[in-house]
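**Q** Input: one structure, supplied below.
The values are calculated or read from the model by the stated rules, or taken from the named source; none is laboratory data. Values in this document were obtained by computation on a predicted structure and should not be read as measured data. Here the Cβ positions follow ideal geometry from the backbone for every residue, glycine too, while neighbour counts run over all protein chains shown. The protein model used for the area step is the full one, side chains on, heavy atoms only, and it has no ligands, DNA or RNA in it. Shrake-Rupley method; radii C 1.70, N 1.55, O 1.52, S 1.80 Å.
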Amino acid sequence: MSSLRDGHGATLPTDPRTIPLRRALPALLRDPLGALVGFAEGSGGEVVRLNLGSFRPYLVSHPEHLQYVLRDRADNYIRDGRGLLWRPVRRVVGEAILVAEGEVWESSRGALLPLFTAKRVETMVDRMAEVISEAVDEWDEPARQGRPIDTAAELTRIVLRTTMRVLFADRISVPEAERISAALDTVTTSMIARLLVPFVPYSVPMPGDRAFRAAVRTIDEVVLPIIREARARPSDDDDIISTLCRPRPDGSMPDEYQIRGDVVAMFSTATETTIALLSWLWPVLETQPEVAARLYAEVDRVVGGGRVRREHLAELRYGRMVLDEMLRLYPAGWMVPRTAVADDVLGGVRIKAGATVLVSPYVTQRMPMFWDDPERFDPERFSPERPRRRYRYSYYPFGGGPHQCLGQYLFLLEAQLIVSTVLSRFRFRPTAPADLTPRMGASLSPRQRLRVTLSPVQRPVAP
């Protein structure tokens, strides 16, 4: 929509183009992700409003507008835990770093930031590589027996073992972590109905509500005793739980409820982000044989028959490009709602205080305005030789501005280590055709749980 001008030629804000209820609601119920991309493309990247009855959010998809919301005016576009789309998340993590703003968020982030500096992350790589290698060793038996493995379950096991050791100092055991992860998976599935129709009050029962409540109880049963033990016996260790149980940089002491929320939030982001990303690896390799062949060749050349080490990562360039392209097409954090604090003008459009603004990496990263042939899987988009992208916020799978994901550097290194380790040891044959249909929830993952049979990599024996 073009803006109007006053008698002096100045641009005046206008009301946005609105997608009517009769078109918006059926499209979102039928194919939510495809509908959002279609609405953004149809608007030409301008701010568009979705009429969903009593709920009328603004969809923001242009990188310049995204930079304004996420970085330039982040103070006016906040993660409101009381907002309709944030309520299901807030019911899981409470007033935690994942949804909090202001002093609460600054306190939690200030405590955790030293754990995720690039220098410290580098010191974790060798430990991560060792734990990952030990976990992948357990695939030798099913490979010998020709027994298929569930890739989602096995990836979850590897990521949980690594994260509990490196970030949580084994304060949460792997079986306990598996209980939390299963509960979070239930939460992800059961909150879909609430995400699709966020205007329905919680007094009205909906499918998934009972499972959601049971999953939250399970998380509390595991996490709260661990926190109470850590608070009763303070430690100087630099794991996440010990750090969160100490006084914050401003001298304040968080209560049990805030620590619990931060622990669950960090557990989720430190595990579910990597699990969601890597869950796309096998269906992508199965449907992209040229990408698979090039990735295998790079791993064979760089790693060979040894174990993946820190010094290998810089040479595994194509593997990193593959991960970047998976993050473009299948970002784990596919929706980032914000609430406008005060009246504003965004892209020439009036935004009222209290309005919900929908920001979606999935949408922008699939728009032809910003990506050539965006539905095609092409890791070469991220080749270091390619010109820099015109817009910084045409690609932002980890968010942006002050709320950009704290651990994104660590999670990408962990993902590289896992991919390189498993591909250096095994080749894979799916037991069914690969399906790239996404499953919506708090994270984006494949709807299909892919099972594969393993074949150990055969390498020539030195004479």
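**Q** What tally of residues in region 216-257 results from selecting those that are over 24 Å from Trp105 (Cβ atoms), part of a helix (DSSP H, G or I) and either among the acidic types (Asp, Glu) or within 27 Å of the chain's Cα centre (by Cα) (or both)?
**A** So the count comes out to 5.
**Q** Can you tell me which residue within region 91-110, out of those that are open to solvent by 20 Å² or more (accessible area, probe 1.4 Å) and under 19 Å from Val223 (Cβ atoms), is modelled with the highest pLDDT?
**A** Taking region 91-110 as the starting set, the residues that turn out to be open to solvent by 20 Å² or more (accessible area, probe 1.4 Å) are 91, 95, 98, 101-106, 109-110.
Still in the running and under 19 Å from Val223 (Cβ atoms): 91, 95, 98, 104.
Numbers: Arg91: 68, Glu95: 65, Leu98: 64, Val104: 75.
Here the residue is Val104.
**Q** Sticking with this one: Could you please let me know if Ala292 is part of a helix (DSSP H, G or I) and within 26 Å of Gly399 (Cβ to Cβ)?
**A** Details: part of a helix (DSSP H, G or I): yes; within 26 Å of Gly399 (Cβ to Cβ): no.
The answer is no for Ala292.
**Q** So which of Val197, Val204, Val223 ends up being at pLDDT below 80, surrounded by 14 or more Cβ atoms within 10 Å (Cβ to Cβ) and not aromatic (Phe, Trp, Tyr)?
**A** On the way: Val204 fails: surrounded by 14 or more Cβ atoms within 10 Å (Cβ to Cβ); Val223 fails: at pLDDT below 80.
After ruling out the rest, the residue left standing is Val197.
**Q** Can you tell me which residues in region 444-463 are closer than 24 Å to Ile132 by Cβ, of a type outside the set (Lys, Arg) and either open to solvent by 30 Å² or more (accessible area, probe 1.4 Å) or not in a loop (DSSP other than H, G, I, E, B) (or both)? Steps first, please.
**A** As a first pass, look at region 444-463 and keep what is closer than 24 Å to Ile132 by Cβ: 444-446, 449-459.
So of that shortlist, the ones also of a type outside the set (Lys, Arg) come out as 444-446, 450, 452-458.
Within region 444-463, Ser445, Pro446, Val452, Thr453, Leu454, Ser455, Pro456, Val457, Gln458 qualify.
**Q** A follow-up question, please. With the requirement that a residue be of a type outside the set (Ser, Thr, Tyr) and out of contact with any helix residue (DSSP H, G or I) (no Cβ under 8 Å at 6 or more places or on another chain), what does region 409-432 give you? Don't jump to the end; show me each part of the working.
**A** The initial filter retains those residues of region 409-432 that are of a type outside the set (Ser, Thr, Tyr), namely 410-419, 422-423, 425-430, 432.
Those that are of a type outside the set (Ser, Thr, Tyr) and out of contact with any helix residue (DSSP H, G or I) (no Cβ under 8 Å at 6 or more places or on another chain): Arg429, Ala432.
**Q** Need the failing condition index for Lys352 against (1) surrounded by fewer than 15 Cβ atoms within 10 Å (Cβ to Cβ); (2) under 27 Å from Leu410 (Cβ atoms); (3) at pLDDT below 95, just the number.
**A** Result: Lys352 passes all but (2).
**Q** List the pairs whose first member sits in region 430-452 and is within 19 Å of Arg147 (Cα to Cα), whose second member is in a loop (DSSP other than H, G, I, E, B) and open to solvent by 50 Å² or more (accessible area, probe 1.4 Å), and whose Cβ atoms are under 6 Å apart, counting only residues at least 6 apart or on separate chains?
**A** Taking only residues 6 or more apart or on different chains, the pairs are Arg451/Thr431.
**Q** So which pairs qualify, if the first residue must be in region 102-129 and under 22 Å from His312 (Cβ atoms), the second must be assigned to a helix (DSSP H, G or I) and among the acidic types (Asp, Glu), the Cβ gap must be under 8 Å, and the two must be at least 6 apart or on different chains?
**A** That search, which allows pairs on different chains as well, returns Met128/Glu414.
**Q** Just one of the numbered conditions (1) assigned to a loop (DSSP other than H, G, I, E, B); (2) modelled with pLDDT of 90 or more is not true of Gly7; which one?
**A** (2) is the only condition that Gly7 fails.
**Q** Then there's this: Any residue in region 72-90 that is buried (at least 17 other Cβ atoms within 10 Å of the Cβ), modelled with pLDDT of 85 or more and not in a loop (DSSP other than H, G, I, E, B)?
**A** Within region 72-90 (the criterion being buried (at least 17 other Cβ atoms within 10 Å of the Cβ), modelled with pLDDT of 85 or more and not in a loop (DSSP other than H, G, I, E, B)), the answer is yes, since at least one residue qualifies.
**Q** When you scan region 395-417, do you find a residue that is within 30 Å of Arg120 (Cα to Cα), buried (at least 22 other Cβ atoms within 10 Å of the Cβ), modelled with pLDDT of 90 or more and charged (D, E, K, R), even just one?
**A** yes
Residue-wise test of (1) among the aliphatic types (A, V, I, L, M); (2) farther than 18 Å from Tyr409 by Cα; (3) out of contact with any His (no Cβ under 9 Å at 6 or more places or on another chain).
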position	(1), (2), (3)
Ala230	yes, yes, yes
Leu244	yes, yes, yes
Gly251	no, yes, yes
Glu256	no, yes, yes
Arg260	no, yes, yes
Phe267	no, no, yes
Thr271	no, no, yes
Leu278	yes, no, yes
Leu281	yes, yes, yes
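**Q** Give me the pairs, please: first residue somewhere in region 234-250 and without any contact (Cβ under 8 Å) to a residue 40 or more places away in the chain, second residue anywhere and open to solvent by 20 Å² or more (accessible area, probe 1.4 Å) and outside any helix (DSSP H, G or I), beta-carbon distance under 6 Å, and either six or more positions apart or on two chains.
**A** That search, which allows pairs on different chains as well, returns Pro247/Met253.
**Q** Another question, then. Every residue in region 251-263 that is touching a residue at least 40 places away in the same chain (Cβ under 8 Å) and not aromatic (Phe, Trp, Tyr), please.
**A** Of the residues in region 251-263, the ones touching a residue at least 40 places away in the same chain (Cβ under 8 Å) are 252, 254, 257-258, 260-263.
Matches in region 251-263: Ser252, Pro254, Gln258, Arg260, Gly261, Asp262, Val263.
Table: residues versus (1) touching a residue at least 24 places away in the same chain (Cβ under 8 Å); (2) part of a loop (DSSP other than H, G, I, E, B).
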site: Leu323; (1), (2): yes, no
site: Trp334; (1), (2): yes, yes
site: Gly354; (1), (2): no, yes
site: Leu358; (1), (2): yes, no
site: Arg376; (1), (2): no, yes
site: Arg386; (1), (2): no, yes
site: Arg389; (1), (2): no, yes
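**Q** Also, quick follow-up: Kindly indicate which of Arg425, Arg388 is under 19 Å from Arg71 (Cβ atoms) and open to solvent by 10 Å² or more (accessible area, probe 1.4 Å). Before the answer, list the steps.
**A** Details: Arg425 fails: under 19 Å from Arg71 (Cβ atoms).
Of Arg425, Arg388, the one residue that is under 19 Å from Arg71 (Cβ atoms) and open to solvent by 10 Å² or more (accessible area, probe 1.4 Å) is Arg388.
**Q** Condition check: open to solvent by 70 Å² or more (accessible area, probe 1.4 Å), without any contact (Cβ under 8 Å) to a residue 12 or more places away in the chain and either among the small types (Gly, Ala, Ser) or assigned to a helix (DSSP H, G or I) (or both). Does Arg213 satisfy that?
**A** So Arg213 passes the test.
**Q** For region 101-185, which helices (runs of 4 or more DSSP H) that fit wholly inside it have 3 or more residues that are basic (Lys, Arg) and out of contact with any Leu (no Cβ under 7 Å at 6 or more places or on another chain)?
**A** Numbers: elements: 102-112, 118-137, 140-145, 151-166.
The qualifying helices (runs of 4 or more DSSP H) are 118-137, 151-166.
**Q** Looking at (1) surrounded by 15 or more Cβ atoms within 10 Å (Cβ to Cβ); (2) of a type in the set (Lys, Arg); (3) farther than 28 Å from Gly333 by Cα, find the lone condition where Arg301 falls short.
**A** (1)
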